[in-house]
């Protein structure tokens, strides 16, 4: 029987060796809080997306939920909602950011502080300011306050857009153009190859796999004895995906600071 959504316990079990771990006390809280939040939010699916580390130790746990996914013109779109928690028990909405804010978030580097109320101050030249005459002072720059939670959401969106792995052929498109689990999925023929996996945003049956991504951005390790494959992103260190052939289960987890490895191109 094909799984309908990742099992939290199995995800932690199969990815623990990669360093994708959640503190034990938070695991206990998540077992109860996520199902409750899913019901409160009216979502069909709500799973732990990952943990983004913070300087003060109050890491951000992020949960991802959605009701439907639709396929149109070869692209799958999810109506996704995100929530964050710093204790695993209480969840708050993680609001989406607009295009202008997202652009400014790219300028904020390094690890997040862990203070959800923190604002980052960014300065930009005023495009409408008059050109100063010789000897005059430069016009004062515009100052923007960027909430840390906006940076958090931007990083989650960036990682999700570049990763979000599922086994190839594990989903199909129904008559209503909705993407649903393929109940006839029999497993990956070659789980040790990148061709066995795809981004969930790629339309089922399109033939698009991770093998078509930039060479060197993905790494696969397959344990033939256990029948478990681990796929990790080298572009977004901290993203891990597993596929268990014997159990016919899979799942992913991100544990990191949310920053992209911009040095990867020099390492290839």
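Here are the numbers for the structure shown:
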| quantity | calculated |
| --- | --- |
| Restricting segment 225-241 to residues that are more than 15 Å from residue 189 (Cα to Cα) and part of a strand (DSSP E or B), the residue that is nearest to the chain's Cα centre (by Cα) | 239 |
| Elements of type strands (runs of 3 or more DSSP E) contained in segment 40-127, each with 1 or more residues being closer than 16 Å to residue 156 by Cβ and touching a strand residue (DSSP E or B) at 6+ places or on another chain (Cβ under 9 Å) | 45-52, 60-72, 75-85 |
| Test: residue in segment 60-69 that is exposed (fewer than 15 other Cβ atoms within 10 Å of the Cβ) and over 15 Å from the mean Cα position of the chain (by Cα) | yes |
| Tabulated pairs, segment 92-108, first over 18 Å from residue 82 (Cα atoms), second crowded, with 16+ Cβ neighbours inside 10 Å and modelled with pLDDT of 95 or more, C-beta under 8 angstrom, 6+ apart or interchain | 104/146; 106/154; 108/120; 108/146; 108/151 |
| Every residue from segment 1-37 that is exposed (fewer than 14 other Cβ atoms within 10 Å of the Cβ), touching a residue at least 24 places away in the same chain (Cβ under 8 Å) and under 15 Å from residue 250 (Cα atoms) | 1, 4, 5 |
| Residues (within 21 Å of residue 66 (Cβ to Cβ) and in contact with a helix residue (DSSP H, G or I) (Cβ under 6 Å, 6 or more places away or on another chain)) located in segment 166-208 | 168, 197 |
| Failed condition for residue 103, given (1) farther than 20 Å from residue 57 by Cα; (2) surrounded by 14 or more Cβ atoms within 10 Å (Cβ to Cβ) | (2) |
| Among residues of segment 234-250, those that are within 19 Å of residue 156 (Cα to Cα), buried (at least 17 other Cβ atoms within 10 Å of the Cβ) and touching a helix residue (DSSP H, G or I) at 6+ places or on another chain (Cβ under 7 Å), counted | 4 |
| Test for residue 155: is it in contact with a strand residue (DSSP E or B) (Cβ under 8 Å, 6 or more places away or on another chain) and not in a strand (DSSP E or B) | yes |
| Only listed residue being over 22 Å from residue 264 (Cα atoms), within 17 Å of the chain's Cα centre (by Cα) and either at pLDDT below 95 or surrounded by fewer than 18 Cβ atoms within 10 Å (Cβ to Cβ) (or both), chosen from 183, 200 | 200 |
| Residues (on the phi > 0 side of the Ramachandran plot and either touching a residue at least 12 places away in the same chain (Cβ under 8 Å) or surrounded by 13 or more Cβ atoms within 10 Å (Cβ to Cβ) (or both)) located in segment 112-154 | 114 |
| Filter result for residue 222 (buried (at least 16 other Cβ atoms within 10 Å of the Cβ), out of contact with any helix residue (DSSP H, G or I) (no Cβ under 9 Å at 6 or more places or on another chain), at pLDDT 95 or above and over 22 Å from residue 158 (Cβ atoms)) | yes |
| Condition met for residue 134 (over 25 Å from residue 49 (Cβ atoms), in contact with a strand residue (DSSP E or B) (Cβ under 9 Å, 6 or more places away or on another chain) and not in a helix (DSSP H, G or I)) | no |
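The values are calculated or read from the model by the stated rules, or taken from the named source; none is laboratory data. Source: prediction; values computed, not measured. Glycine gets a Cβ as well: all are built from the backbone with ideal geometry, and neighbour counts include every protein chain shown.
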